[in-house]
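Scroll down for the structure; my scribbles are underneath it.
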Amino acid sequence: MHTLNQLVDIYLQKNGISCKFFADYIGCEYTKCNKWLKGERKLNSEQIMKTHEFLKGNFLKSVNELM
């Protein structure tokens, strides 16, 4: 079974989403986020909640939101 950071890493790779975009969305510095993806640090509870939102696709904008 994969850990959350492993799932996010796979998700980002399969969907062509940059770590920078993900880090900005969850409110984490890029370098810290990158270390988390490698299993070298932990996220805070707010960042974990934002990560779950991200995996549900909540970062996507509808056409109506863009216009």
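The values are calculated or read from the model by the stated rules, or taken from the named source; none is laboratory data. Everything numeric here is computed off the predicted structure, so don't read it as measured data. Because the Cβ atoms are built from the backbone with ideal geometry, glycine has one as well, and the counts that use them run over all protein chains shown. Accessible surface is based on the protein model in full, side chains and every heavy atom, while ligands, DNA and RNA are left aside. Shrake-Rupley method; radii C 1.70, N 1.55, O 1.52, S 1.80 Å.
How large is the direction-averaged shadow of the alpha-carbon convex hull of the chain, in nm²?
4.9 nm²
Ignoring ligands and nucleic acids, what accessible area does Thr51 show with a 1.4 Å probe (Å², nearest 10)?
0 Å²
Just report the Cα centroid separation between the stretch 36-67 and the stretch 1-19, whole Å.
11 Å
Can you pull out the trypsin sites (Lys or Arg not before Pro) in the chain that DSSP calls coil and that have at most 13 other Cβ atoms within 10 Å?
Lys38, Lys42, Lys56, Lys61
With axes computed from alpha carbons, what is the tilt in degrees of helix 4-15 against the longest principal axis of the chain, rounded to the nearest 10 within 0 to 90?
So the inclination is approximately 40 degrees.
If DNA, RNA and ligands are ignored and the probe is 1.4 Å, what is the ranking of Glu53, Glu29 by accessible area, most exposed first? Present the calculation step by step, with values, prior to reporting the outcome.
Details: Glu53 65, Glu29 110 Å².
In descending accessible area the options line up as Glu29, Glu53.
With no other cysteine's Cβ closer than 4.7 Å, which Cys residues of the chain count as lacking a disulfide-compatible partner?
Within the chain, the cysteines lacking a partner Cβ under 4.7 Å are Cys19.
Quantify, in whole percent, the carbon and sulfur part of the accessible surface of the chain (1.4 Å probe; protein heavy atoms only).
Ligands and nucleic acids excluded, carbon and sulfur give 53 percent.
At a Förster radius of 35 Å, what calculated FRET efficiency corresponds to the Cβ-Cβ distance of Glu65 and Thr31, to the nearest 0.05? All intermediate terms of the calculation are to be shown ahead of the outcome.
On the way: r = 30 Å, r/R0 = 0.86.
The computed FRET efficiency comes out at 0.70.
Using just the helices of the chain, give the 222 nm mean residue ellipticity in deg cm²/dmol: DSSP H runs with n ≥ 4 each add -39,500 (n - 2.57), and the total is spread over all residues, rounded to 500.
My calculation for the chain gives -18000 deg cm²/dmol from helical runs alone.
So, with +1 on the Cβ of K and R and -1 on the Cβ of D and E, and no other charges, what is the size of the charge dipole of the chain about its Cα centre, to the nearest 20 debye?
On the way: 10 positive and 7 negative charges, 36 e Å.
Dipole magnitude for the chain comes out near 180 debye.
Report the accessible area of Glu46, computed with a 1.4 Å probe over the heavy atoms of all protein chains in place, in Å² rounded to the nearest 10.
Ignoring ligands and nucleic acids, Glu46 comes out at about 120 Å².
Top to bottom by accessible area (1.4 Å), largest first, where do Ser45, Ser62 land?
Details: Ser45 90, Ser62 55 Å².
Descending accessible area places them as Ser45, Ser62.
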